[in-house]
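Chemist: Dropping the structure in here first, questions after.
The values are calculated or read from the model by the stated rules, or taken from the named source; none is laboratory data. It should be emphasised that the depicted structure is a prediction, and the values quoted were computed from it without experimental measurement. Quick reminder, even Gly has a Cβ in these numbers, built from the backbone with ideal geometry, and neighbours come from all protein chains shown.
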């Protein structure tokens, strides 16, 4: 047998599967420890108001998984040498690895780690049950999953006293601004919103982990009454005097929105992750598991759960087919959707229709920009998939012909399957342009007003959507306008906002492009209203409610304020939930 060299060790060929499995397990635990280290720093950043480092850690944690995978690939290459491409060796590794997971919490996270390494090593098209973990029929949440660590508070008639104890248990190192006032505000709001409707609340159960995101801290749990339990969230924010309780969330829709696909990931030091996901899934039963894993920062596990749900969907609904997503066809992306599952699969076209002047690499960079950006509840999380294998039966003949013609570099046919080498999967939303035609006038007015606010929220987060056509925004189940088409998105600082110059004598009738020179990055806000695709009445409403959007001076002033360090706060909950 040819021995393989490890630092200080000789590993015989028949011992390589066990040694490699131990290496992979050790590498995951190292990644997990580094993930937790970054996550735990969120508390210190919040208490010290170190928002710059908080933002840096958000990006660092997103990048960490791939960085650690690359490190592990290098270690495996050194250990296995020419055996690195042996499927038989990896099959043995898989068995050895499984044996080591018997007593591990969050074993699914360990398995996803192993499968990521296997897929990248073999460039697997679809799934390979011999050298990775599949379990596509497995139920993602086990009813027997134990409860996560909780602080429980029995309510003895005085909810104010209970809130005082609760806040004291979660006291930040920098202290509260006025805990007596916070308790009074909480108790008053709680009585008004809940006790008259649910009867006596007998207990509060709060997760011991605090959830941090976007300059706020969240205490997440449930209130228990004789009628059952429901979610409850207390929101802490910084003020010049210290930490205040900014909001009390009791509405299911508000709490669901807090954990949805349009926000950046929480930093919460939770273990085991599966127990917290199961706990949250009980509280928010309509929330897909893949979104819960993802919003807790476990994006790779979120991808695993999303693929599992997609696979199970087509197994359970064999008559369902992929069709074009409703709305206007994109010039850069070809967008497919299952009829009965609210997700879209987006493929980059091989050729872009004029006037789109970009390359595939540019589009991928735009999606990476969004992934690393603070999404402020206005950008759909896009999960990047490679070598996605779906049954040929899912594709109508006409659609498959179009796919091959328009996205041939990303699509191939293998037997009874279609393999998509690269795509993005997002939650499906109703395109705003279609929504406005379908709903009552009052709902249309609310949607248009929120569309204007969405553009301002994105601008406040230092992002410019670029193409602001209604077709590039969707409406969520809660009625919020959310941006989902990223091929024109850019950093606000990269834009040069200009006022339209007056026409010179004799040029009044010339087209704008013939009399105004626009350099790359030039933006003319006065023209926005003409390109949004909004009808006359709604256009007037939009102009009255959000006149700033069409004023180049407002955009220039916003850029200056942001460059000077000003922060534009976008609370992820409605005004009615706030206490201050």
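Chemist: Which of (1) in the same structural domain as residue 363 (by TED's automatic domain parsing); (2) farther than 29 Å from residue 62 by Cβ does residue 331 not meet, given it meets every other one?
Modeler: Failed condition: (2).
Chemist: For the stretch 112-120, check the following and say yes or no: at least one residue is assigned to a loop (DSSP other than H, G, I, E, B) and in contact with a helix residue (DSSP H, G or I) (Cβ under 6 Å, 6 or more places away or on another chain).
Modeler: Within the stretch 112-120, none of the residues are assigned to a loop (DSSP other than H, G, I, E, B) and in contact with a helix residue (DSSP H, G or I) (Cβ under 6 Å, 6 or more places away or on another chain).
Chemist: Looking at 201, 243, which one is touching a residue at least 12 places away in the same chain (Cβ under 8 Å), under 31 Å from the mean Cα position of the chain (by Cα) and surrounded by 16 or more Cβ atoms within 10 Å (Cβ to Cβ)?
Modeler: The conditions single out 243.
Chemist: Just to verify a result, which residue in the stretch 227-249, among those that are at pLDDT below 95 and touching a helix residue (DSSP H, G or I) at 6+ places or on another chain (Cβ under 8 Å), is farthest from residue 371 (Cα to Cα)?
Modeler: Result: 227.
Chemist: Looking at the stretch 531-550 only, could you name the residues that are surrounded by 15 or more Cβ atoms within 10 Å (Cβ to Cβ) and within 21 Å of residue 492 (Cα to Cα)?
Modeler: If the condition is that a residue be surrounded by 15 or more Cβ atoms within 10 Å (Cβ to Cβ) and within 21 Å of residue 492 (Cα to Cα), then 532, 546, 548, 549, 550 are the ones that fit.
Chemist: Residues that are free of Cβ contacts under 8 Å to residues at least 60 places away in the same chain and surrounded by 15 or more Cβ atoms within 10 Å (Cβ to Cβ): does the stretch 373-380 have at least one?
Modeler: Here is the first cut: in the stretch 373-380, the residues free of Cβ contacts under 8 Å to residues at least 60 places away in the same chain are none.
No - not one qualifying residue is present in the stretch 373-380.
Chemist: Can you find even one residue in the stretch 288-305 that is touching a residue at least 12 places away in the same chain (Cβ under 8 Å), under 30 Å from residue 397 (Cβ atoms) and in a loop (DSSP other than H, G, I, E, B)?
Modeler: No, the stretch 288-305 has no match at all.
Chemist: Are any residues in the stretch 206-238 under 22 Å from residue 575 (Cβ atoms) and out of contact with any strand residue (DSSP E or B) (no Cβ under 9 Å at 6 or more places or on another chain), and if so, which ones?
Modeler: 214
Chemist: Considering only residues that are surrounded by 15 or more Cβ atoms within 10 Å (Cβ to Cβ) and closer than 19 Å to residue 15 by Cβ, which ones fall in the stretch 92-113?
Modeler: 92, 93, 94, 96, 97, 98, 100
Chemist: Continuing with this model, one more query. Could you please give the count of residues in the stretch 53-85 that are at pLDDT 95 or above, more than 25 Å from residue 294 (Cβ to Cβ) and either in the same structural domain as residue 296 (by TED's automatic domain parsing) or out of contact with any helix residue (DSSP H, G or I) (no Cβ under 8 Å at 6 or more places or on another chain) (or both)?
Modeler: Going through the stretch 53-85 one residue at a time, the tally reaches 2.
Chemist: Cβ-Cβ below 8 Å, separation at least six or inter-chain, first residue in the stretch 520-531 and without any contact (Cβ under 8 Å) to a residue 24 or more places away in the chain and assigned by TED's automatic domain parsing to the domain that holds residue 466, second part of a helix (DSSP H, G or I) and surrounded by 12 or more Cβ atoms within 10 Å (Cβ to Cβ): which pairs?
Modeler: Note: pairs meeting the criteria are 529/539; 529/542; 529/543; 529/550.
Chemist: Just one of the numbered conditions (1) closer than 30 Å to residue 347 by Cβ; (2) in contact with a helix residue (DSSP H, G or I) (Cβ under 8 Å, 6 or more places away or on another chain); (3) at pLDDT 95 or above is not true of residue 434; which one?
Modeler: Condition (2) is where residue 434 drops out.
Chemist: Can I ask one more? Mind telling me which of the residues 184, 196 ends up being modelled with pLDDT under 95 and either part of a helix (DSSP H, G or I) or surrounded by fewer than 16 Cβ atoms within 10 Å (Cβ to Cβ) (or both)?
Modeler: Result: 196 is the single residue among 184, 196 that is modelled with pLDDT under 95 and either part of a helix (DSSP H, G or I) or surrounded by fewer than 16 Cβ atoms within 10 Å (Cβ to Cβ) (or both).
Chemist: Okay, moving on. For residue 357, which of the numbered conditions (1) without any contact (Cβ under 8 Å) to a residue 12 or more places away in the chain; (2) under 17 Å from residue 400 (Cβ atoms) fails to hold?
Modeler: The one condition residue 357 does not meet is (2).
Chemist: Moving to a separate point now. Specify which of the listed residues (466, 460) is within 21 Å of residue 545 (Cα to Cα), modelled with pLDDT under 95 and within 21 Å of the chain's Cα centre (by Cα).
Modeler: 466
Chemist: Out of the stretch 99-109, which residues are modelled with pLDDT under 95 and in a helix (DSSP H, G or I)?
Modeler: Of everything in the stretch 99-109, those that are modelled with pLDDT under 95 and in a helix (DSSP H, G or I) turn out to be 107, 108.
Let's see how each residue does on (1) buried (at least 19 other Cβ atoms within 10 Å of the Cβ); (2) more than 30 Å from residue 107 (Cα to Cα):
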position: 305; (1), (2): yes, no
position: 310; (1), (2): yes, no
position: 314; (1), (2): yes, no
position: 322; (1), (2): yes, yes
position: 326; (1), (2): no, yes
position: 332; (1), (2): yes, yes
position: 347; (1), (2): yes, yes
position: 352; (1), (2): yes, yes
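Chemist: Which residues, taken from the stretch 513-533, are assigned to a loop (DSSP other than H, G, I, E, B) and modelled with pLDDT of 80 or more?
Modeler: Applying the first criterion (assigned to a loop (DSSP other than H, G, I, E, B)) to the stretch 513-533 yields 516-521, 524, 532-533.
The answer is 519, 520, 521, 524, 532, 533.
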